[in-house]
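To start, the structure itself, in structure tokens.
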Amino acid sequence: MAALNYGYKNAAFYPRLNANTAVVFNNNDQKQKFSDGTVRERNGVKSNNLTANLALNWTLFDGLRMFATRDKVAELVKLGELGIKEQLINTVAAVINTYYNIVKQKQQLRAIEEQMSISQERVKLAQYKLDIGVGAKPDVLQSKVDLNAQKAAQLEQQTLIRQLKDQLSQLMNTPETNYDVSDSIPLNKGLVLTDIQSSLDKTNPSLQLAQKNIQIAGLTLKEIKADRFPVVAFNANYNFNKLDNKAVVNPFQPLNSRNKGFNYGLTATIPIFNNYNVKRQIQQAERDIVFRKLSMDNQKSQISLAVLNAWNNYQWQKQALDLEEESIVLARENVDIVFQVYKLNSTTLIQLKEAQKSLQDAQTRLINARYNTKLAETELLRLKGELIK
């Protein structure tokens, strides 16, 4: 809409040209009485009157309002572009977060399936021990219960992935959900806080919108101030008038008449007093500018705080990721050791379950750490305004 208005930005400088025409048919009863006592009367006197007019009005000076209006329309186009950019950035961030949430849940599904493979081996081993007389029935039953619980978790995880795919399809406005995602979450661990903080007012779309609104408010003030100045306009008219009378009562009245001609001139409208309306509007516009500047300062403070919070979260998540990558190696090694010892019947099922549970927890923490690091990275880039160019 703003771009459409911008296409007619020069229309404020153009003149206005209007054509008017009218035809009137009369059927009157006339009676005239003169000073000498003579009376003339006629009924059903018919006449018709044709008029045409071509009027030109061209504002030559209006206190520079037309220039302020043209500049304001141009700024509204930029405001619209910034608004679309902000929407795109937020949408892209939502798509990224949802996509990698699917990857996260897919990794979680793979972790559950890894646990299932361990539990299946537990069931086989517990059954074998029972068959050769060195095991116990409760170990077999507990292993099968744990395996069934993991199968249920697998089904629940598959449903969650399907739902997230539907959500991602909705965000991207596509009905297709029969697709797969990558198995990993790529991370950018090289972000620098000073690079994020530098020139935020020039890259963050919200701050850019606030700046543009201040500029538009300033142009609105110029438009209002223009009402203090006189308006000078050039006017020109071409008139045509034709009168046809079928009959007349007064012999000195013409049966037919025609007038046509061209006239032109200048008009000046000088504002003298209008109940202080312009003064009030100027004061309101000035306060609007002050308010928008205060709002921008507040918004800048909030965004700076959001950047710091996102940066601290980003740093913490990277450290947590390093720890969890170390923990997952230790947890897998521990499960392997305990499982081998369990095969030799030198440990209990409870100790194996604890080791397996530690591995499961380590996997979940590692997957969450990867995803949370990606979320923090995406949020930093969103605040910077660099998710799209």
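The values are calculated or read from the model by the stated rules, or taken from the named source; none is laboratory data. As the structure is a prediction and not an experimental result, all values here were calculated from the model. In this analysis, Cβ positions are derived from the backbone assuming ideal geometry, glycine residues included, and neighbour counts consider all displayed protein chains.
Just give me the residues in segment 202-223 being closer than 15 Å to Q283 by Cβ and hydroxyl-bearing (S, T, Y), in sequence order.
T220, the sole residue that qualifies.
Go through A149, A111 for me and flag whichever is outside the structural domain of E354 (by TED's automatic domain parsing), without any contact (Cβ under 8 Å) to a residue 60 or more places away in the chain, outside any loop (DSSP other than H, G, I, E, B) and of a type in the set (A, V, I, L, M, F, W, C).
When all the criteria are applied, what remains is A149.
Whether any residue in segment 121-140 is at pLDDT below 95, at positive phi, assigned to a loop (DSSP other than H, G, I, E, B) and over 33 Å from the mean Cα position of the chain (by Cα) is what I want to check.
Yes; the residues of segment 121-140 include at least one that is at pLDDT below 95, at positive phi, assigned to a loop (DSSP other than H, G, I, E, B) and over 33 Å from the mean Cα position of the chain (by Cα).
Does segment 81-98 include one or more residues that are part of a helix (DSSP H, G or I), more than 27 Å from the chain's Cα centre (by Cα) and touching a residue at least 24 places away in the same chain (Cβ under 8 Å)?
No; the residues of segment 81-98 include none that is part of a helix (DSSP H, G or I), more than 27 Å from the chain's Cα centre (by Cα) and touching a residue at least 24 places away in the same chain (Cβ under 8 Å).
What's the total number of residues in segment 254-298 that are free of Cβ contacts under 8 Å to residues at least 24 places away in the same chain and part of a helix (DSSP H, G or I)?
Within segment 254-298, residues that are free of Cβ contacts under 8 Å to residues at least 24 places away in the same chain and part of a helix (DSSP H, G or I) number 11.
Among the numbered criteria (1) touching a residue at least 24 places away in the same chain (Cβ under 8 Å); (2) surrounded by fewer than 17 Cβ atoms within 10 Å (Cβ to Cβ); (3) not basic (K, R), which one does W316 miss?
(1)
Can you tell me how many residues within segment 276-298 are buried (at least 16 other Cβ atoms within 10 Å of the Cβ) and under 25 Å from S199 (Cβ atoms)?
Final tally of qualifying residues: 3.
Can you pull out every residue in segment 163-189 that is surrounded by 13 or more Cβ atoms within 10 Å (Cβ to Cβ) and of a type in the set (K, R)?
Of everything in segment 163-189, just one residue is surrounded by 13 or more Cβ atoms within 10 Å (Cβ to Cβ) and of a type in the set (K, R), namely K165.
I need every pair where a residue in segment 167-179 that is modelled with pLDDT of 90 or more has its Cβ under 8 Å from the Cβ of a residue that is part of a loop (DSSP other than H, G, I, E, B), sequence separation at least 6 or different chains.
Taking only residues 6 or more apart or on different chains, the pairs are S169/P175; S169/E176; S169/T177.
Could you figure out which of (1) assigned by TED's automatic domain parsing to the domain that holds T378; (2) surrounded by 14 or more Cβ atoms within 10 Å (Cβ to Cβ); (3) of a type in the set (A, V, I, L, M, F, W, C) isn't true of V192?
Every condition holds for V192 apart from (2).
Looking only at segment 65-123, count how many residues are more than 30 Å from N148 (Cβ to Cβ) and acidic (D, E).
4
Does segment 187-204 hold any residues that are in contact (Cβ under 8 Å) with a residue 40 or more places away in the chain and in a loop (DSSP other than H, G, I, E, B), and which are they?
L187, N188, K189, L191, N204
For the subset of segment 329-344 comprising residues that are surrounded by fewer than 16 Cβ atoms within 10 Å (Cβ to Cβ) and among the hydrophobic types (A, V, I, L, M, F, W, C), which member is modelled with the lowest pLDDT?
In this case the residue turns out to be L344.
If you scan segment 220-268, which residues turn out to be among the β-branched types (V, I, T) and either modelled with pLDDT under 90 or over 17 Å from P15 (Cα atoms) (or both)?
T220, I224, V248, V249
Residues of segment 13-42 being assigned to a strand (DSSP E or B) and modelled with pLDDT of 80 or more, which ones?
Matches in segment 13-42: R16, L17, N18, A19, N20, T21, A22, V23, V24, F25, N26, N27.
Evaluate segment 251-269: report whether one residue or more is more than 33 Å from the chain's Cα centre (by Cα), exposed (fewer than 11 other Cβ atoms within 10 Å of the Cβ) and among the charged types (D, E, K, R).
Yes: one or more hits.
For T347, all conditions in the list (1) outside any helix (DSSP H, G or I); (2) surrounded by 14 or more Cβ atoms within 10 Å (Cβ to Cβ); (3) under 46 Å from the mean Cα position of the chain (by Cα); (4) not charged (D, E, K, R) hold save one; what is the number of the exception?
Among (1) outside any helix (DSSP H, G or I); (2) surrounded by 14 or more Cβ atoms within 10 Å (Cβ to Cβ); (3) under 46 Å from the mean Cα position of the chain (by Cα); (4) not charged (D, E, K, R), T347 violates only (3).
Quickly run through segment 1-33 and pick out the residues that are of a type in the set (A, V, I, L, M, F, W, C), over 30 Å from F61 (Cα atoms) and touching a Lys or Arg at 6+ places or on another chain (Cβ under 8 Å).
Hit for segment 1-33 is F25, nothing else.
Within segment 326-378, can you find the residues that are among the charged types (D, E, K, R) and more than 26 Å from V145 (Cβ to Cβ)?
Passing the criteria: E326, E333, R370, K374, E377.
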